[in-house]
Structure formats: C-alpha cells, structure tokens
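The values are calculated or read from the model by the stated rules, or taken from the named source; none is laboratory data. None of these values were measured; they are calculated from a predicted model. Quick reminder, even Gly has a Cβ in these numbers, built from the backbone with ideal geometry, and neighbours come from all protein chains shown. Quick note on the areas: whole protein, heavy atoms, side chains included, nothing else; ligands and nucleic acids left out. Shrake-Rupley method; radii C 1.70, N 1.55, O 1.52, S 1.80 Å.
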Amino acid sequence: MWAFGAVAGKRERSNADQRLVHAINVAGKRYQAASGTAQARAVRIAKNRRVQRALAGPDRRDLRRLQRAYAAGGVFLLRPGTPLPATMGRADVKVRGRVAGRVLVGSLDQRLARRLAAGREPDRVGFLIGDRLVTGASTTSVPASAEREKPFDLSSYRAVAVSVPASAGSAALVALEPRSEISAAATRARWEAALVGLGVIAALLLIAYAAAPAIARSRLSRQQRDQAERVLAHLGDGVVVVDRGGVVRLWNRAAEAITGLRATDVTNRPAEEAIPGWATIASFVPIANRPGDGDGTTTEETVPVDVDGRELWLSMVAVALDDDTVYAFRDATHERRLENLRSQFVATISHELRTPLASLHGAALTLREHDLPAQTQDDLLTMIAEQSNRLAQLVEEILVAGQLDSGLLSVVADTFDPEELVRDVVAGGRTRIGEETTIEVSLPAVLPKVHGDEERTRQVLLNLVDNAIKYSPSGGRIDVTVEPVGEWLRFSVSDEGLGIPPGEQERIFEKFYRLDPDQRRGIGGTGLGLYICREFVRAMGGRIWVESEPGRGTTASFELPAEPVAAAARAS
C-alpha cells in the first residue's frame with residue numbers, strides 16, 4: 001500500500017511537470033505571436049521620417065517629445081551607446097547608411113507576463129532576465145543559473161524555462177508552480193492510495209470471513225456472470241454469440257453501434273435472416289479451437305457487410321465454445337478506405353513519375369548518342385528543364401503534405417498587395433495555355449491589402465489556375481477575379497471546363513482524392529493539390545470552396561482577411 005502511495009505521489013509530481021510543460025508551450029506560442037507583432041512595429045517605426053530626424057538631429061527636445069509619446073505604447077527610442085532594456089522587438093534606425101539610433105518595442109515586464117498568463121494565476125508565468133524573475137505579480141531576485149526546456153527547482157517554485165530572443169542580455173520565458181502546492185498534492189495522493197488499499201483489504205477480509213463455501217461459490221458464479229454481461233455491454237468490440245442452430249443469442253451494444261442493427265431485431269433470430277451477409281461471414285471467417293487447447297489459434301479476417309446500402313468492413317475473429325460460437329469484430333471501414341487511398345496514391349505517383357522520367361531518360365540518351373542540330377539540342381534541353389520542374393513540383397507536393405500532417409509547416413502573418421500577386425500568377429498561367437484558351441483578370445479600382453502569407457497565397461492561386469487549365473481540355477475562357485466582401489478579400493478562378501458532380505464538390509479537398517482516378521480523360525495529378533490549398537487557407541484564417549455544374553465549368557474561390565481600405569489609406 002505504501003509503495004502504491006509512493007507511486008501516486010510521484011505521478012502527482014510528474015503531472016505537475018507536465019502541466020508546466022503545457023503552460024510553457026501555450027505561453028511560448030503567445031510570446032511568439034506578440035514578438036512577431038512587436039518586431040514588425042519596431043521596423044515600421046524605424047522607417048518613420050520624423051523618428052529618423054529626431055535621432056539623427058542635434059535637437060534633443062524633439063527626441064524627448066517623441067520618446068514620451070511612444071513610451072506609453074511600450075516603445076523606446078534610444079541613441080547609440082544607451083544601455084538596452086530587454087524587449088521583444090528591435091530595429092536599427094539608419095540615416096544615410098549610418099545607425100542613428102534604435103527602436104525597441106515590448107518590454108519584458110509584469111504587464112506582458114500577465115498577458116501571457118491568461119487563464120492562470122499572474123505569478124505562474126514570467127521572465128528570467130539575468131538574476132531577476134519578473135512575473136505578473138512581482139519582481140524578485142533569483143539564482144542566475146537556470147536550466148532550459150525541462151523542469152527544475154527555482155527558489156520556492158518548480159519551473160520550466162525556454163530561451164526567448166530579447167534586445168539585451170539573456171532572457172527566458174518561464175512557467176512556475178509553487179513547490180509547496182506540488183508537495184501537498186503528492187502527499188494527499190499518497191495517503192489516498194494508502195487509505196483505498198486499506199479499505200480494499202478490510203472489505204476482502206470481511207467477505208472472506210462472512211461467506212460460507214457454498215454461498216461463496218454461488219455468489220462467485222453470479223458475480224462472474226454479471227461481470228461478463230457488463231464487460232460485453234461496454235466492450236468496444238462488437239460481440240455476437242450464435243448457438244449450434246445458427247440462432248443469435250447475444251448482440252452487445254458495440255455491435256449495435258457499429259452495424260446500426262438493434263439487439264431487439266437480431267437476438268433470438270436465425271443469423272442468416274437477421275444479419276446481412278451472414279452466410280458469407282460464416283464461410284469466410286475461420287472458427288478457432290476452444291480456449292485452453294494447446295494448438296488453439298485465432299485468425300482475424302476482414303469481410304464486407306452491406307447494411308441498408310451502407311458498406312461496412314468488419315475485422316472479425318471467431319472462437320468455438322461448448323455449445324456456441326463467439327464472434328468478435330471491429331469496424332475496419334476507415335482503415336480499408338485509407339488502404340485503398342494509399343494504393344491509389346502509390347499507383348498515381350508511379351504513373352506521374354514514370355512520364356517525366358521516361359522523357360528525361362529518352363532526351364538524355366538522344367543527346368548522348370546522337371550528333372544533333374543546335375535547335376534540336378535546345379528543344380531537348382528545354383524539355384529536360386520542363387520535366388525536371390514537373391518532378392520537383394511532384395516532390396514538393398508530397399513534402400508539403402507530409403509537413404502539414406506533422407504540423408511542422410507554418411505560415412507567415414503579414415500583409416501584402418494582392419494585385420501584383422494575381423498578375424504574376426496569371427502571367428505565368430498564360431505561358432502554359434494554347435490558342436483556344438484565354439485568361440482574363442478582373443480587379444477593382446481600389447484593392448485593400450490582405451492579411452496572410454504571400455507565398456502560400458501564391459501557391460493556392462497558382463494551383464487553382466493550373467486546375468482550371470487542366471480541366472478545360474477544350475479551351476475556353478478562364479476568369480481570375482478579386483473583390484472585397486465585407487471584411488474579406490475573395491479570390492475566384494472560373495472556367496468553362498468539365499465541371500464537378502455535386503457529390504464530389506466536398507471530397508475534392510480530401511487528401512489523395514482525385515476526380516479522375518483512372519485517368520480516363522488523360523488528366524494527371526497526385527490528389528494533393530486542393531488538400532494543400534485547403535490547409536494553407538485555413539492556416540491563414542480563411543475558407544475555400546467550389547461551385548460547379550457538370551459540363552458548364554467550375555468556380556473555385558477562397559477568402560482571406562482584408563485590411564480596411566480606410567486604414568490602408570491612412571497608413572500610406
């Protein structure tokens with residue numbers, strides 16, 4: 001009991017460390033966002049002509065007025081040689097190629113600590129700056145040495161610290177929890193485990209003392225039966241018991257949830273009548289020997305079942321008892337679908353890679369083994385460059401999809417001019433179309449800036465334009481439009497191509513999904529482009545969708561947050 005109590009105490013301390021790691025991760029993300037904003041603000045202020053004149057000029061009164069005006073917003077304007085406080089953002093002010101001063105934004109102070117500790121006590125998050133600990137509640141002196149990225153003891157606290165960039169000195173973001181609270185919780189958990197153990201032992205002794213052997217056997221049998229029924233009722237796997245006559249005697253809750261067939265409609269009925277496809281299941285799933293036999297083995301088989309038009313794949317095993325057969329199964333539909341998608345993806349990638357590789361190989365052999373005219377050599381080298389670029393794009397799609405799945409790909413939070421981006425993408429698209437296809441651009445006279453990642457937005461728009469070209473084999477007009485819609489800026493690409501069936505318009509954004517998986521129309525692709533587009537747009541706080549009518553074309557649109565036109569005019 002005491003050993004269990006010690007384990008409970010250690011677990012409580014481990015839980016405290018995990019809470020600290022979670023808290024530092026949350027605070028770190030908030031600090032990263034605040035730091036990026038502060039750095040952008042510092043750069044913006046450093047470009048202000050008035051700030052440059054005040055720092056470079058001899059008149060200190062103008063500089064002091066600006067310093068007082070900016071100080072309320074946590075901004076410091078310092079001339080060279082002035083000691084630098086610890087802040088999040090820093091930018092040099094250059095005048096005629098010379099550093100005239102520095103702009104510092106966002107002090108590592110109590111107010112920032114309280115912001116980062118949202119949802120926690122103000123003294124639970126702070127900064128280690130040299131030998132000072134600054135929290136949302138106070139500033140104290142602590143030992144200067146501190147470990148990074150793993151829990152350690154800091155004065156009267158248990159803490160986790162991570163280094164953060166600052167303008168001066170070494171600074172670290174730290175999450176704290178009083179050691180007294182952790183010790184009290186560990187002691188309480190230890191005693192609770194010990195008391196529970198004592199209670200269990202006392203109960204067992206009383207039962208053993210009070211029960212006669214016959215009553216004990218009857219009670220044990222009843223308890224085992226009740227326990228078996230409870231276990232079967234709450235088991236995650238579906239369980240069905242069929243007697244020798246083929247009648248269903250048990251159909252647990254998990255079986256109901258997986259198949260949608262109610263126990264009242266299945267039990268006490270022949271399995272072939274009550275369960276769709278039972279004849280196939282019974283012949284396909286091998287029945288293992290009864291438990292306890294030395295050579296008894298169970299073989300898991302996956303079988304299809306059609307329930308009210310809904311295809312299910314069940315992974316099932318069967319074991320024979322004295323008079324019954326027990327079947328246990330789980331829903332493997334999702335696994336089967338993933339396996340099919342993986343197989344299709346491998347086949348698609350193999351096909352997509354084979355074409356450019358064959359072209360590259362043929363061109364290389366031709367250049368190597370034949371003395372060709374200069375124009376022919378130039379054409380072959382152009383083809384090699386194009387096919388190499390195609391291979392690079394395929395590999396890039398696969399790498400980006402992997403980074404999205406692992407959560408390693410991030411987007412930049414910034415503002416950019418959409419007009420230049422749209423015109424660049426359209427100009428590139430016009431180089432890849434024939435005479436039967438045209439691309440037109442429609443932009444309003446006044447276009448606000450967009451909040452998002454310019455490069456990721458370019459990839460999304462480029463993919464939509466490529467799809468419009470690809471799925472318009474007969475040519476036609478492709479329209480690229482940009483228009484403000486409330487607080488959003490909407491990008492749309494419309495074509496007059498093949499269109500998308502209504503039932504496929506949501507699935508086209510799934511990973512590996514392709515509208516033409518067998519390539520009957522000769523349209524290639526990995527099935528990753530629209531999935532990547534959706535994830536990029538979501539990461540930038542927007543949304544993406546399609547509107548289409550088969551045979552009449554498709555309009556693919558996405559929206560990103562826009563900067564108000566009035567604010568943009570004031571900034572300019």
Legend entry - Sites Ser156 and Ala539 - FRET efficiency at Förster radius 35 Å, r taken between beta-carbons, to 0.05: 0.30
Inset, instruction - Rounded to whole Hz and in sequence order, give me ³J(HN,Hα) for the stretch 42-56 from the Karplus expression 6.51 cos²θ - 1.76 cosθ + 1.60, θ = phi - 60°, writing x for Gly and Pro. - result: 4, 5, 5, 5, 5, 8, 5, 4, 5, 5, 5, 5, 5, 6, 8
Inset, instruction - For the stretch 192-206, take each phi angle, set θ = phi - 60°, evaluate the Karplus expression 6.51 cos²θ - 1.76 cosθ + 1.60, and give the result in whole Hz per residue in order, putting x for glycine and proline. - result: 5, 5, 5, 5, 4, x, 4, x, 5, 5, 4, 5, 5, 5, 5
Legend entry - In nm, spacing of pseudo-spin labels at Asn268 and Gln223 (7 Å Cα→C-beta vector): 3.1 nm
Legend entry - Local net charge near Ser183, Cβ-Cβ under 10 Å (Lys/Arg +1, Asp/Glu -1): +2
Legend entry - Full-stretch length increase - Asp424, Val95 - with 0.36 nm per residue and alpha-carbon distance subtracted: 115.1 nm
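Multiplying the sequence separation of Arg44 and Ala210 by 0.36 nm and subtracting their Cα-Cα distance, what value in nm do you get?
Result: 51.5 nm gained on full extension.
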Inset, instruction - Mind pulling the per residue volume of the convex hull built on the Cα atoms of the stretch 30-132? Å³ is fine. - result: 106 Å³
Inset, instruction - Can you check what the net charge comes to around Ala69, using other residues whose Cβ is under 12 Å from the Cβ of Ala69 (Lys, Arg +1; Asp, Glu -1)? - result: +3
Legend entry - Sites Ile398 and Val307, calculated FRET efficiency, Cβ-Cβ separation with R0 30 Å, nearest 0.05: 0.25
Legend entry - Surface accessible to a 1.4 Å probe, Glu300 within the full protein complex, Å²: 100 Å²
Inset, instruction - Collect residues whose amide H, placed 1.01 Å from N in the peptide plane, falls under 5 Å from the amide H of Ala332; neighbours closer than 5 in sequence don't count. - result: Trp313, Leu314, Ser315
Inset, instruction - List every residue whose amide H lies under 5 Å from the amide H of Ser170, counting only residues 5 or more places away in sequence or on a different chain, with H placed 1.01 Å from N in the peptide plane. - result: Gly130
Legend entry - Val142 long-range amide H proximity, modeled H, under 5 Å: Arg132, Leu133
Legend entry - Inter-site label distance for Ser474 and Ser388 at 7 Å from Cα along Cβ, in nm: 3.9 nm
Inset, instruction - Return P(r) of the stretch 393-503 (all Cα-Cα pairs; 10 Å bins starting at 0; whole %; ordered from short to long distances). - result: 12, 39, 35, 14, 0
Legend entry - Restraint check, Lys470/Lys511; Lys94/Lys449; Lys10/Lys150, Cα-Cα greater than 24 Å: Lys94/Lys449
Legend entry - Rounded to whole Hz, the Karplus (6.51, -1.76, 1.60) HN-Hα couplings of the stretch 267-272, x for glycine and proline: 5, 6, 10, x, 4, 5
Inset, instruction - Compute the signed sum of charges (Lys and Arg +1, Asp and Glu -1) over the other residues within less than 14 Å, Cβ to Cβ, of Ala328. - result: -3
Inset, instruction - Figure the gain on full extension for Leu195 and Ile287 (residue separation times 0.36 nm, minus the Cα-Cα span) and round it to one decimal in nm. - result: 28.4 nm
Legend entry - FRET efficiency for Glu335 and Ala6, using Cβ-Cβ distance with R0 set to 56 Å, rounded to 0.05: 0.85
Legend entry - the stretch 1-158 - charge dipole about Cα centre, Lys and Arg +1 at Cβ, Asp and Glu -1, debye rounded to 20: 1100 debye
